[in-house]
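Asks: Got a structure for you, written out below as structure tokens; questions coming shortly.
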Amino acid sequence: MPPKNKTNLSAGIIITLIAYMFFAINSTLVRNVIHEIHTTEILFFQHFFSLLFIFPFAIRHGVKGLKTLYLPLHLVRDLTALGSFFFYFSAIKYLNLIDATVLSYTSPFFIPFVWRIWLKTKVRSEMWFTIIFGFIGIALILKPSMQFFQVGTIIGIAAGVAAALSLVSISILHQKHESTSKTLFYFFLVSSLVTFPFMSMNWTPPTPSMWYNLIGIGFSSAMGQLLLTYGYRFGTASYLSPLCYSIVIYISIISWLVFNNPPGWLTFFGSLVVISGGSLSYILVKRPTGLKKLFTRNRMPPKIDPSKKTDL
């Protein structure tokens, strides 16, 4: 059964914002170990620990509850999400945490193209303004002196493209009423199986401090994915995806306080342009009157006094 409150967009926004807070924690923990152990090892433990966390929820209705009619769609969602994480973690090796995060979270600018190519849905004219905003912001973040086609930049943007495919897949799965726990179970299972052989080939024995980070990476990833997937039950990818830019604020604060690496002026203005462009996609589509209706609770119709006559 679909959720009764699926149109409660305000709930979706709150849940999605909390989800990206956990993703910011996840990125910080990855930053701590990314130069010490291989990316595939981090990815394996992230998804394996997440699988252990979500497993009790996934089998609460028995093993038969894991049966799905949409396995190919799950695989698209799983592999693209895994690819997005791989590209993002790889970008952190070449760029600072803030720049890598902003480039990796450019998915709202690619989602309209994914809808157009995959589902043959026409791109609204308003969306082109947000796309232009996005690429102007990216240009500012990369700074005029930086080469656009450097490795870190390409990897970061590739993460955004993969994330766009994943988010659209999540929306389609929700339209087909796939449960949150089932969607996450397949994601964590497939990701663990895919990364295991690569992790084995690049194995580095973790130290105790690394283990703490890896466990934290798995837990924060599970919480982020759980909340994000659940939050997307209250709205479409086009409306909620701009909230991914909240992670830029979280990451900027963490980079400043933990790594003593405050964002530069160009990064700050570029991030502001990207966030504004992503948010504009939602505002332009819904219009102010539509926004007011979405955030206003439905009121009970006024009671009619049967003793009074009304015109039919």
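The values are calculated or read from the model by the stated rules, or taken from the named source; none is laboratory data. Note that the structure is a prediction, hence the values are computed from the model and not measured. Every residue, glycine as well, gets a Cβ built from its backbone with ideal geometry; the counts of neighbours run over all protein chains shown. The protein model used for the area step is the full one, side chains on, heavy atoms only, and it has no ligands, DNA or RNA in it. Shrake-Rupley method; radii C 1.70, N 1.55, O 1.52, S 1.80 Å.
Asks: Assuming S181 fulfils every condition listed in (1) open to solvent by less than 10 Å² (accessible area, probe 1.4 Å); (2) at pLDDT below 85 apart from one, which condition is it?
Replies: (1)
Asks: Just to be sure, is T68 surrounded by fewer than 21 Cβ atoms within 10 Å (Cβ to Cβ) and in a helix (DSSP H, G or I)?
Replies: no
Asks: Taking segment 71-97 only, how many residues are in a helix (DSSP H, G or I), open to solvent by less than 60 Å² (accessible area, probe 1.4 Å) and over 21 Å from L228 (Cα atoms)?
Replies: The total comes to 4.
Asks: State all residues of segment 29-44 that are of a type outside the set (A, V, I, L, M) and either open to solvent by 10 Å² or more (accessible area, probe 1.4 Å) or under 20 Å from V102 (Cβ atoms) (or both); if no residue qualifies, say none.
Replies: Selection gives R31, N32, H35, E36, H38, T39, T40, F44.
Asks: Additional query: Restricting the search to segment 138-160, which residues are at pLDDT 70 or above and open to solvent by less than 60 Å² (accessible area, probe 1.4 Å)?
Replies: If the condition is that a residue be at pLDDT 70 or above and open to solvent by less than 60 Å² (accessible area, probe 1.4 Å), then L140, Q150, G152, T153, I155, G156, I157, A158, A159, G160 are the ones that fit.
Asks: Just need a number here: residues in segment 1-28 that are modelled with pLDDT under 75 and either crowded, with 17+ Cβ neighbours inside 10 Å or in contact with an Asp or Glu (Cβ under 6 Å, 6 or more places away or on another chain) (or both).
Replies: Count: 2.
Asks: Can I ask one more? Looking only at segment 156-183, which residues are under 30 Å from N96 (Cβ atoms) and more than 13 Å from the chain's Cα centre (by Cα)?
Replies: Within segment 156-183, G156, I157, A158 meet the criteria.
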